[in-house]
Structure formats: structure tokens, C-alpha cells
């Protein structure tokens, strides 16, 4: 369980170091000012995606803000072609998000679509996987 007070202190320190007000942090992270206030007052702790957003905006690692996340997550190494990496970075820059956040979003989107039993999504995914296998041969 995350120590809310310790997280609040780390977030306040990182925000102060970045020279941002709560309003600026909220605008850049897409997290509301009241929620930022709850974090900094020790009333709440973010989940992984919000911690990643905060870390990205503040220029710190999400795991430095919430070290306890490291025990509940698994780091993976994913290889992309240069074009894919460039596309992801461009999208990240355009949306103000990190590449890691985008990958998490895509995963959650795919999980939801598959979980909802979306036949078009499942068929398109299977078609893309089959095409990728052929390209790899």
C-alpha cells in the first residue's frame, strides 16, 4: 500500500522543482486541479497511468513518484521499427503524453474491444497478426 503522505511530499517536491503551479500541472497532465490537490494533501494516490502523466509532465520517473508501483508492474522490452518508433514519438509529442502512456492506452483499448466481443476489431487484429507473420517469414 502506498504511503499517501510520502507520495504527497514527492509530488510537491517535483512540482516545485519544475516551477509549476497546481493549475499548470493540471493543464499539462490532463488531471484536474482538485485531484492534484488531493494528491498533494495526502488524500489520494494516483494509479499507474496518472502517475505516468505526472512524471512525464514533471520530468521525473513515475516510479520515483510512486515507488510502490514497481512491485505491481512488470517492465517489458518492446522492439519497434524506426518508422513505428518515430510514429509513436510523433503521436506522443502531439498529444503531450509519453510513449509508455500511449502503449498502455492502446493495450487497454484492445483489451476492452476484445472483452466487449467486438467481432470487427478481433477480425482486424487477427488479420494484422497473420500479415505480420507472413512479413516475418
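The values are calculated or read from the model by the stated rules, or taken from the named source; none is laboratory data. Everything quoted here is computed from the prediction, not taken from an experiment. Neighbour counts are summed over all protein chains in view; Cβ atoms, including those assigned to glycine, are modelled from backbone coordinates with ideal geometry.
Worth pointing out:
- Of all residues making up region 1-45, the number that are farther than 21 Å from residue 69 by Cα, touching a helix residue (DSSP H, G or I) at 6+ places or on another chain (Cβ under 7 Å) and surrounded by fewer than 17 Cβ atoms within 10 Å (Cβ to Cβ): 5
- Failed criterion for residue 67 (all others in (1) in the same structural domain as residue 132 (by TED's automatic domain parsing); (2) more than 30 Å from residue 136 (Cα to Cα) hold): (1)
- Selection status of residue 58, surrounded by 13 or more Cβ atoms within 10 Å (Cβ to Cβ) and under 13 Å from the mean Cα position of the chain (by Cα): no
- Within region 63-137, helices (runs of 4 or more DSSP H) holding 3 or more residues that are within 14 Å of the chain's Cα centre (by Cα) and exposed (fewer than 14 other Cβ atoms within 10 Å of the Cβ): 82-95, 99-115
- Residue check for residue 92: more than 25 Å from residue 28 (Cβ to Cβ) and not assigned by TED's automatic domain parsing to the domain that holds residue 36: no
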